[in-house]
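Since the structure comes first, as structure tokens, the remarks are kept for the end.
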Amino acid sequence: MLLFRRDRLLLVLALSALLGVDIYFHLWPEIQNRLSRNCDCDGSAPRVENATIFGATTTATTTLHYSGSKLQHLFSHPLYQAPATKPPAQDLLLNAHETIRTHRKKVVSFNRRHRSHHKAQNHTSAFTEASFDFHTPWLQFQLGISKEALYPRSSPVVTQLLEHMSNETVVDADYTPDEKALSGECDCRQIVKPSGTHLKLILYFQDFGKAMFKPMRQKREEETPEDFFYFVDFQRHNAEIAAFHLDRILDFRRVPPVSGRLVNVTQDILEATQNSDLQSVFFVSPANNTCFFSKCLYMCKTEYAVCGDPHMLEGSLSVFLPSLGSAPRLSVPNPWIRSYTFTGKEEWETNPSYCDSVKQLHPYSNTRRLLNMMDLAIFDFLIGNMDRHHYEIFTKFGDDGFLLHLDNARGFGRHSHDEFSILTPLHQCCVVKKDTWLRLNLLALPEYRLSDVMRESLSADPLDTVLTEPHLAALDRRLQKVLEVIDQCVQTYGEEAVLIKDMWRSLQRSH
């Protein structure tokens with residue numbers, strides 16, 4: 001009897017063990033999965049993968065919403081995830097060892113010249129030397145430039161660099177090389193196009209970094225007059241800032257980081273510069289504000305000066321790229337360049353098949369270059385920039401390299417008008433990177449909406465209200481028009497012919 005009871009006990013224990021195993025490996029994982037699901041009935045955190053299916057491009061057909069940081073939500077999406085590995089050395093623009101050695105020598109020479117100038121001017125203030133540190137953000141930014149983009153997606157350097165430019169001590173100021181070219185001070189062959197209508201300066205920082213300063217010329221709420229031609233329009237400092245943020249949100253990463261800053265024009269420019277020509281264009285206005293103007297082709301008079309209030313002036317600071325000596329760049333005319341006369345027209349404006357001839361020409365016979373041109377056209381349409389006469393590339397990367405989206409100050413001029421001719425390259429060629437198209441679709445959804453992520457991104461800039469609400473609303477409107485053009489292309493030529501996979505980037509991901 002005792003033996004029978006012991007057998008039943010062993011059987012019960014065996015069945016209990018089997019039941020426990022089944023619960024642990026099958027039932028409990030299912031319970032955990034159900035508990036972890038987002039069951040909010042208001043759809044506050046929907047899955048977004050299905051949003052990238054072709055056709056789901058309009059926000060009017062969905063009621064999905066997202067609460068929290070839309071920008072963080074966007075950058076956490078799989079389309080924005082960074083590769084796990086660092087680019088190989090051959091895909092980096094600069095050699096770190098050579099770059100550091102060169103800059104150490106330049107710092108010594110820079111300080112020697114400035115010390116001599118400081119003594120010659122009999123300045124009573126203490127001399128501030130420039131210093132050099134391998135970890136300074138501007139150097140880390142330059143060393144991170146690769147064949148894919150100006151900076152990696154996941155790098156914290158960009159945030160550090162933006163903060164650095166808005167706070168670092170200014171030790172010198174000077175005209176830009178293209179403005180010096182006007183007076184024969186430098187080699188014009190190195191210059192894309194001498195400055196004609198804008199006042200801009202180079203500011204040098206104590207850590208030996210430097211940035212392009214473009215001062216405020218137009219109030220935020222002012223639109224470009226309808227009768228203005230694009231080549232005489234004012235350049236806007238806030239457009240440079242907004243263009244950088246948009247470029248990063250689109251994941252192009254081809255605009256150098258730009259930060260807004262309030263600059264003391266007396267202390268940071270007039271008293272810091274060693275250039276006597278620059279010192280000579282400063283004056284005090286009848287309102288007792290410190291003002292200055294610039295040497296240029298057209299706007300060289302005091303009527304076109306910019307003034308502090310009485311000394312403080314807001315502007316944009318764009319970080320410098322590596323010098324042409326260490327990283328040569330090639331300036332290439334835009335195939336869709338506009339006529340810079342009052343009456344002329346270019347071939348692309350009258351020939352609907354113009355893209356067919358462009359595709360036969362080097363370097364646009366290279367599909368990657370042509371697709372990069374489509375990215376540039378989309379970017380320029382979104383910001384309303386009609387003045388893209390040239391673009392630049394790093395010669396090291398050849399035809400497969402990305403295009404630099406430089407000089408965007410003529411964007412965001414008219415929020416009430418969408419210049420559809422800027423999209424002509426996309427309309428005529430009907431090709432676009434599939435990754436670009438997927439991101440545009442993503443930014444058309446309410447939980448990511450382009451205007452919302454732009455507003456959030458721009459709120460981190462030191463200047464208040466970089467873009468007004470009408471300009472932000474225009475971004476959403478223009479985005480829909482871009483998607484409509486792509487949709488028309490797909491309907492005409494088919495998805496495979498229009499949406500082209502970026503093979504180089506796919507190869508990078510696979511490694």
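If you check residue 487 against the conditions, is it over 18 Å from residue 242 (Cα atoms), out of contact with any Lys or Arg (no Cβ under 7 Å at 6 or more places or on another chain) and open to solvent by 10 Å² or more (accessible area, probe 1.4 Å)?
Details: over 18 Å from residue 242 (Cα atoms): yes; out of contact with any Lys or Arg (no Cβ under 7 Å at 6 or more places or on another chain): yes; open to solvent by 10 Å² or more (accessible area, probe 1.4 Å): yes.
Yes; evaluated as a whole, the condition is true for this residue.
Examine segment 381-396 for a residue that is modelled with pLDDT under 95 and among the hydrophobic types (A, V, I, L, M, F, W, C), and state whether such a residue exists.
yes
I'd like the full set of residues that are in a loop (DSSP other than H, G, I, E, B) and out of contact with any Lys or Arg (no Cβ under 7 Å at 6 or more places or on another chain), limited to segment 390-412.
Of the residues in segment 390-412, the ones in a loop (DSSP other than H, G, I, E, B) are 401-403, 405-412.
406, 407, 408, 410, 411 - these are the residues of segment 390-412 that are in a loop (DSSP other than H, G, I, E, B) and out of contact with any Lys or Arg (no Cβ under 7 Å at 6 or more places or on another chain).
Please go through (1) modelled with pLDDT of 80 or more; (2) loosely packed, with under 10 Cβ neighbours inside 10 Å for residue 124 and return the number of the only condition it doesn't satisfy.
Failed condition: (1).
Pull up segment 226-244, narrow it to residues that are at pLDDT 55 or above and among the charged types (D, E, K, R), then point me to the one that is most open to solvent (accessible area, probe 1.4 Å).
Result: 226.
For segment 466-478, enumerate the residues that are part of a loop (DSSP other than H, G, I, E, B) and under 16 Å from residue 379 (Cβ atoms). Write out each step before concluding.
Taking segment 466-478 as the starting set, the residues that turn out to be part of a loop (DSSP other than H, G, I, E, B) are 466-468.
Scanning segment 466-478 gives a single hit, 467.
Please count how many residues of segment 203-215 are open to solvent by less than 10 Å² (accessible area, probe 1.4 Å) and more than 15 Å from residue 262 (Cβ to Cβ).
2
The values are calculated or read from the model by the stated rules, or taken from the named source; none is laboratory data. Since this is a predicted model, take the numbers as computed values, not measurements. Note: ideal-geometry Cβ built from the backbone for every residue, glycine included; neighbour counts use all protein chains shown. Areas reflect the complete protein model, heavy atoms only, side chains present, ligands, DNA and RNA absent. Shrake-Rupley method; radii C 1.70, N 1.55, O 1.52, S 1.80 Å.
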